[in-house]
1. How far, in degrees from 0 to 90, does helix 242-254 lean away from the longest principal axis of the Cα atoms of the chain, to the nearest 10?
2. Give me the net charge for the shell around A95: Cβ to Cβ below 13 angstrom, other residues only, Lys and Arg +1, Asp and Glu -1.
3. With each label point set 7 Å from Cα along the Cα-Cβ vector, what nm distance links D127 and T19?
4. Could you give me the ³J(HN,Hα) list for the range 162-176, computed from phi with Karplus coefficients 6.51, -1.76, 1.60 and θ = phi - 60°, whole Hz, x at Gly and Pro?
5. Could you state the angle between the C-alpha long axis of helix 25-36 and the longest principal axis of the C-alpha atoms of the chain, as a value from 0 to 90 degrees rounded to the nearest 10?
6. What shape does the range 204-272 take by its C-alpha gyration tensor, where a ≥ b ≥ c are the square roots of the eigenvalues and a/c under 1.5 counts as rounded, a/b above b/c as prolate, and the rest as oblate?
7. Under the rule of at least 5 residues apart or a separate chain, name every residue whose amide H is placed under 5 Å from the amide H of V259.
8. Tell me, what is the per residue accessible area of the chain in Å², probe radius 1.4 Å?
Amino acid sequence: MPSATYTLMQGWFQEAARTRGPSDLAADREQAAGYAQMYQPIPGVDARPEGRLRDGSWLMTPEHARDDVVILYVHGGGFRTGLAAGARGLGAHLALAARARVLLPEYRLAPEDPFPAGLDDCLAAFDLAAGLAPGVVVAGESAGANLALAVLLRRVREKHPGVLAGVLHSGVFDLRRERFTKGSWTGNGATDLLLPEELGHLMHDDYLAGHPADDPLASPLAGDLDGLPPLFLQVSGAERLLDDSMFLADRAARAGVHVELEVWPRMFHAWHMAAGFLPEATEAVARGGAFIGRVAAGRVVDGAALAEGPTSLHAATNG
């Protein structure tokens, strides 16, 4: 059963969906700005503007932060809206859960600045994060998860030693136009209370602006996933983007990547943003923090950092 808070929020979203009109970019950006202004400081986390990145970026530092891991968290918004300041609440809770600093980069938005402008800004943020700690976890929700995965693909291809893991919430990993005409995008239309059907084509048109949608840095599902670091995926079974995470988990696993996939029932798209208010969101973020701790400790299924145990048949039979 969902929490009472979820039921309350579901009522809000159902009413908003009933009265929702055509997409209005200016209104959506105004709403995102209003949401960002609602942030209240989280005890135990220092939130400061990060002046080494684009204006509007933030660094969230928990008390007694570990020095071996930093998290780069990319906000969502369909590539067209959203602010790093709006992710401060989630970033603070993730910082506490992982006991690690969380860097929230601002990046350029479409349609004014289409692909690859936003990705370039996130790559610059990765390079800054890599200077803060030897291991970088790249995370994000929705379109931010797309950008996070593209950053991982790019830096893995470059063999960057700082790539540690990916934590991806309700991601959109395929911007090819046909994706938005079938599967969970249309099949979950009645249960996804946040994403309007036309958003898929708006993301394709505004973000890509004519760039080929099968570029793996725009649609990571179209690329070679071999060599990616451990991935932690969370998605709702009720949202339009369910297939993206399901297909990513399948393709990454077949490429030999350590993948952990959680499909949560009933939740709304990117419910993690309500961490600290919605119990299911707080729990989801805590699970992501635990995953980061396990990866940092080498506790992943390939056993690369697990040194104990016999190393030869002779040792196994005569130890």
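1. Rounded to the nearest ten degrees, it is 20.
2. Result for the local shell: +3.
3. 4.7 nm
4. x, 5, 10, 6, x, 10, 10, 9, 6, x, 9, 10, 9, 9, 5
5. It is inclined by approximately 60 degrees.
6. Here the range 204-272 falls in the oblate category.
7. Here L231 satisfy the definition.
8. Numbers: 13880 Å² over 319 residues.
Accessible surface, normalised per residue, equals 44 Å².
The values are calculated or read from the model by the stated rules, or taken from the named source; none is laboratory data. The model shown is predicted, which means the values in this text are computed figures rather than measured ones. Here the Cβ is made from the backbone with ideal geometry for all residues, glycine too, and neighbour counts use every protein chain on show. What goes into the accessible areas is simple: the full protein's heavy atoms, side chains included, and nothing from ligands, DNA or RNA. Shrake-Rupley method; radii C 1.70, N 1.55, O 1.52, S 1.80 Å.
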